[in-house]
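Chemist: Sharing a structure with you now.
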Amino acid sequence: MEKSTENSAKQWLQRLKDESWEAELLVSAVAIFGTFKLFGIIGWLTNKFIDIISLDLYFSAYMVVFFGLFAISILASMFVIHFSLRAYWIGLVGLNSVFPDYSIEDSAYSKIYTEKMLEILPKLKDSIEKVDELCSVIFSVAFTFLLIYSYFSFLASIYILTYNAFSETVDPIYLLIPLFILGILFVLQMFLSVYANLKNNKEKSELQIFTFKVNKFVSMVTFGPLYKSILQVSMIFGSNFKKKKRLVLLMLVFIFSGAFTAIYQISETNILYLINPKKYHNNNLIRPVFYADTNSESTYLIEPEIESEKIDHKLFKVFIPLFTYENRLRRKICKYTDEDLDSDNKNEILQNCYKTYVTLKVNDKKILAPNYIRQIHHRTGQFGIVTYINTEELAMGQHYISIKKGEHKEWKIPFFLEK
């Protein structure tokens with residue numbers, strides 16, 4: 001009875017293996033669509049970091065979103081390659097059902113030519129098995145990769161937001177303690193893994209057990225509740241490494257294809273702003289993002305925005321985005337409290353603060369008392385302030401407006417006045 005149950009279980013598992021390609025193909029198609037949608041999440045996360053965290057944490061945020069972009073690019077490459085290979089496999093299976101193998105007698109070519117060609121070509125059944133094996137491996141690696149990055153990005157984002165929230169009330173050295181501990185654990189794990197795998201040390205039981213305990217602990221810390229699932233897949237690959245060394249080459253293909261995808265996708269986000277905000281203050285360059293009529297597809301504003309490069313009316317509008325983290329900077333500069341904002345003088349307090357925090361000039365001449373209106377941008381949904389510049393006293397021709405807020409550098413936006 002037990003043998004019968006065991007045999008039926010094996011048959012069920014084998015049948016599942018044989019038919020899993022259908023589920024793989026379907027899930028792969030959905031995964032390709034979903035993975036490319038993840039690029040939008042990276043863009044959203046980048047904009048959130050720009051809005052919420054202070055400038056001194058931008059590099060940390062850059063590391064999170066850049067490696068996130070790179071990881072998703074590799075993941076997208078994996079699923080696209082998997083889908084292509086699985087489609088190729090279906091073609092081979094269909095071909096095999098019609099033509100079980102090569103034929104010398106029925107060949108359209110000469111016997112000598114056909115035999116020579118068959119010497120360099122693999123058997124059809126061998127190709128089917130190898131492609132099937134490759135597809136299954138890619139599928140498992142891709143989802144394991146997704147689990148690892150998802151958990152890492154979650155932890156990193158929580159840490160950055162926590163650091164940002166407490167950086168003014170807690171000494172930064174204390175906030176860096178978890179990072180130092182994690183760094184020490186990683187270094188210890190790497191050193192032990194290399195040292196314990198040296199040929200002379202593989203039979204030292206105490207060293208191997210200690211290495212196992214360290215790796216297990218670090219995996220529990222870094223992978224959390226997912227650590228067993230991730231270790232299971234990595235251990236299967238690691239313990240079969242000598243049999244499947246070609247998988248290393250496959251991983252290199254994923255990395256290179258992911259790198260090319262990431263290079264293309266990074267230009268569609270504001271990630272580069274996190275690594276080099278100064279680049280966005282190049283006063284010698286006219287950028288389309290300064291003008292609403294040439295920046296209509298932008299979903300997030302980093303720089304101030306005016307109506308157009310060419311102004312032909314008396315008043316023109318200037319929108320200045322204000323980020324969430326700037327609230328703390330304005331409180332320091334303007335010295336107001338939450339109680340002040342609960343009073344009837346809230347609008348007056350904020351108006352005076354905006355005038356102190358933002359410096360507005362036209363052709364280097366400071367506008368002494370601009371009137372600011374708080375506004376949600378109609379296209380991006382961002383909070384900011386709006387003012388209108390009077391052009392009556394300006395001559396026709398080239399001018400520029402200078403905008404500086406808090407610790408940011410100055411933006412210079414050129415415009416041509418037509419009367």
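Taken together, the values in this text are just the output of simple stated rules run on the coordinates, not laboratory data. These figures come from a predicted structure and were not determined experimentally. When we count neighbours, we look across all protein chains shown, and the Cβ atoms used for this are built from the backbone with ideal geometry, even at glycine.
Chemist: Pick the calculated log10 I(q)/I(0) by the Debye sum over Cα atoms at q = 0.06, 0.09 Å⁻¹ for this structure from (1) -0.22, -0.50; (2) -0.31, -0.69; (3) -0.44, -0.80?
Modeler: (3)
Chemist: Within region 326-419, which GluC sites (Glu not before Pro) sit in a loop by DSSP and count at most 14 neighbouring Cβ atoms inside 10 Å?
Modeler: Answer by residue number: 392, 393, 407, 410, 418.
Chemist: At 222 nm, what helix-only mean residue ellipticity would the chain give, in deg cm²/dmol to the nearest 500, using -39500 (n - 2.57) for each DSSP H run of four or more?
Modeler: One gets -20500 deg cm²/dmol as the mean residue ellipticity at 222 nm.
Chemist: Evaluate E = 1/(1 + (r/R0)^6) for residue 202 and residue 181, where r is the Cβ-Cβ distance and R0 equals 35 Å; express this FRET efficiency to the nearest 0.05.
Modeler: 0.75
Chemist: Once the Cβ-Cβ distance between residue 340 and residue 373 is put in as r, and R0 is 25 Å, what FRET efficiency do you end up with, to the nearest 0.05?
Modeler: About 0.80, to the nearest 0.05.
Chemist: Go through the cysteines of the chain and tell me which have no other cysteine Cβ under 4.7 Å away.
Modeler: For the chain, the answer is 135, because their Cβ atoms have no other cysteine Cβ under 4.7 Å.
Chemist: With an 8 Å cut-off on Cα pairs and a minimum separation of 6 or more residues, tell me the relative contact order of the chain in percent.
Modeler: 17
Chemist: Once the piece of chain linking residue 347 and residue 87 is laid out straight, how much longer is it, given 0.36 nm per residue of separation minus the C-alpha distance between them?
Modeler: 87.2 nm
Chemist: Something else now. Determine the distance separating the Cα centre of region 387-404 from the Cα centre of region 303-376; give it in Å without decimals.
Modeler: 17
Chemist: Starting from the Cα-Cα distance between residue 418 and residue 101, subtract it from 0.36 nm times their residue separation and give me the gain in nm to one decimal.
Modeler: 106.3 nm
Chemist: In addition: Provide the FRET efficiency to the nearest 0.05 for the residue 366-residue 268 pair, computing r from the beta carbons and using R0 = 45 Å.
Modeler: For residue 366 and residue 268, the calculated efficiency is 0.75.
Chemist: Of all DSSP beta bridges located in the chain, what percent are antiparallel, nearest 5?
Modeler: Of those bridges, close to 90 percent are antiparallel.
Chemist: Once you have the Cα-Cα distance between residue 212 and residue 333, take 0.36 nm times their residue separation minus that, and quote the gain in nm to one decimal.
Modeler: This chain segment gains 38.2 nm when fully extended.
Chemist: Per residue of region 181-189, in order, report the coupling 6.51 cos²θ - 1.76 cosθ + 1.60 (Karplus, θ = phi - 60°) as ³J(HN,Hα) in whole Hz, putting x for Gly and Pro.
Modeler: For region 181-189, the Karplus-derived couplings read 4, 5, x, 5, 4, 5, 5, 4, 4 Hz, x marking Gly and Pro.
Chemist: By average Cβ neighbour count within 10 Å, what is the ranking of 150-159, 301-310, 75-84, 169-178 from highest down?
Modeler: In descending order of packing, they fall as 75-84, 301-310, 150-159, 169-178.
Chemist: Please go through the residue pairs 332/404; 366/409; 335/409; 48/335; 202/228 and name each one whose alpha carbons sit more than 19 Å apart in this structure.
Modeler: Those over the limit are 335/409; 48/335; 202/228.
Chemist: Quick one: go through region 311-348 and flag any residue whose amide nitrogen is under 17 Å from the point 7 Å out along the Cα-to-Cβ line of residue 388.
Modeler: What the label zone holds, given the 17 Å backbone N cut-off, is 311-320.
Chemist: Among the listed pairs 278/310; 279/365; 355/412, which are separated by more than 22 Å between their Cα atoms?
Modeler: 278/310; 279/365
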